[in-house]
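Accompanying notes for the structure given below.
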């Protein structure tokens, strides 16, 4: 069980669980969390591929770094949309 | 040779305090007491581990950095736990006191 | 890696797992908050141990980043608790 | 012997992910997600990717968690908090079958991949000396594939514009977290140190793990914690200059290098380090402010006026103060 095969399988499992949650859950925030966790699964799969017993290949690292930053901006945009959806549906309770 | 024994001892202490903090977290009845156990034990555990690693580093800059890191974590986690303790609603906080008196 | 470091790393992960049990079972919101404290400190200790006696400087930088960013989520969570118990008045039961 | 650490980290990651995905209450799943982010950064360390670990710790555990919590708080005032209940029955078998298909494809792919993957490591290491920096990740990001980084910062900028287009009002909600001395103590400690740590990471980015994104994320963290603690002077920070400086400097560098060396973003021979540092600093500053503004939107209070009239008011007010 070398290091990278452990994280290959973890990445695959994370993607799978995220996909199940995305399909099952009805609450939008839960679904957004599921998408984030699927993203982390894919990144883990990517970097496990780059790990060759110490002589790590740095191109996937750069790509995943870019991916993390874009993922957080996509999540922020999705959260803003989510706010608009809920505001369109309901009156605002006096806070 | 002494260094190895000392390092092993310090790692042992560090692990003991971390486990004590976690078990304290598990068994204490009230949020405030859990917070108390967790913060104190983890800080001391971190001190032991940082010291153990600092002793064995060749260049002393790294060990100085570790000590600064420990000071930072000490201050931040104590401030955070006080902030949390302030926020826990009163009924829970003085349940412990009522039990005693 | 020095065997002592491996034992220390496994011990820390064990401590983390034990702490997690409380967080999962924790009735009140305060217990959820403890998980942030727990992950922060144990994560920093693990990073120091994994840095292989200071040989890998990047890990100690990561530990600094972790130490500086732990308060953000805790304060964000506290601002959530504050509005909940104050205005909605549903009390401290774990309803969220 | 080492696999023990990886196995335990991997199992805890999967357990926390399961709790985060399938727990009934939203708030606890967000908290599990934050712990999950931290453990994943430990996984990156074990996989020999410290740059990604720092970015994951700063963004994954810090900013994403704060974003979700702020949005969840905003939703509390809009509608009753409903817990996530499971969907109808047919969905579950469908997803299980589809998922098992996906999973097997992944695992099989991974086995093949680990056998035949050559990777670009050798190529990168050969040309590293001419790249002007010694950290391979920064070399790839800002020298060999700098066009991707340019587009990535453009994506960040566009996301921010898209969110502004949603016309969510910018009146920052007055968080009634009473400013206790402990909060001020934390601020006095965290904010200056975050700024110094960000500058340090930016500077060593050329030789050690660190760089523009990690520095930007840490500065964004400092701004977010100030915003959470209701610091007043922040409201003037939303000017567009700071937000667009990263993109502007990058585009300027692209044009200048085209004129100097005939091909876009091919730095002149000996000045590579200077160009990279200039681009990195500008990118870090704009990433920090863009991420901060992304947080402010979910944190802001929203009047109930429909979007059209909000835009209309804005034009009206602009018209008013122009004339």
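Separation of segment A:64-89 from segment A:9-33 is 16 Å, based on Cα centroids. Label segment D:200-289 by shape, choosing from rounded, prolate and oblate, from the square roots a ≥ b ≥ c of the eigenvalues of the Cα gyration tensor; if a/c is under 1.5 it is rounded, and otherwise prolate applies when a/b is larger than b/c, oblate when it is not. Verdict is oblate for segment D:200-289. Among A:65, A:83, A:32, the residue with the largest mean-square fluctuation in a Gaussian network model of chain A, with springs joining Cα atoms closer than 10 Å, is A:83.
Normalised by the number of residues in segment A:3-89, the mean separation of alpha-carbon contacts (under 8 Å, six or more apart) gives a relative contact order of 29 percent. Apply the a/c threshold of 1.5 to the C-alpha gyration tensor of segment C:14-55 and tell me whether it is rounded, prolate or oblate. Because a/c hits 1.5 or more and a/b exceeds b/c, segment C:14-55 counts as prolate. Applying 1/(1 + (r/R0)^6) with R0 = 22 Å to the Cβ-Cβ distance of residue C:14 and residue B:58 gives a FRET efficiency near 0.15. Counting 0.36 nm for each residue step from residue D:4 to residue D:134 and taking away their Cα separation leaves a gain of 43.5 nm. Within the listed set B:46, B:83, B:38, the residue fluctuating most in the Gaussian network model of chain B (springs between alpha-carbon atoms under 10 angstrom) is B:83. If you take the square roots of the eigenvalues of the alpha-carbon gyration tensor of segment A:3-89 and sort them as a ≥ b ≥ c, do you get rounded (a/c under 1.5), prolate (a/b over b/c) or oblate? Cα axes put segment A:3-89 in the oblate bin. To the nearest ten degrees, helix B:60-87 and the longest principal axis of the Cα atoms of chain B are 0 degrees apart.
Read the figures in this text as sums done on the coordinates, not as results from a lab. Note that this is a predicted model, so its numbers are computed, not measured. In this analysis, Cβ positions are derived from the backbone assuming ideal geometry, glycine residues included, and neighbour counts consider all displayed protein chains.
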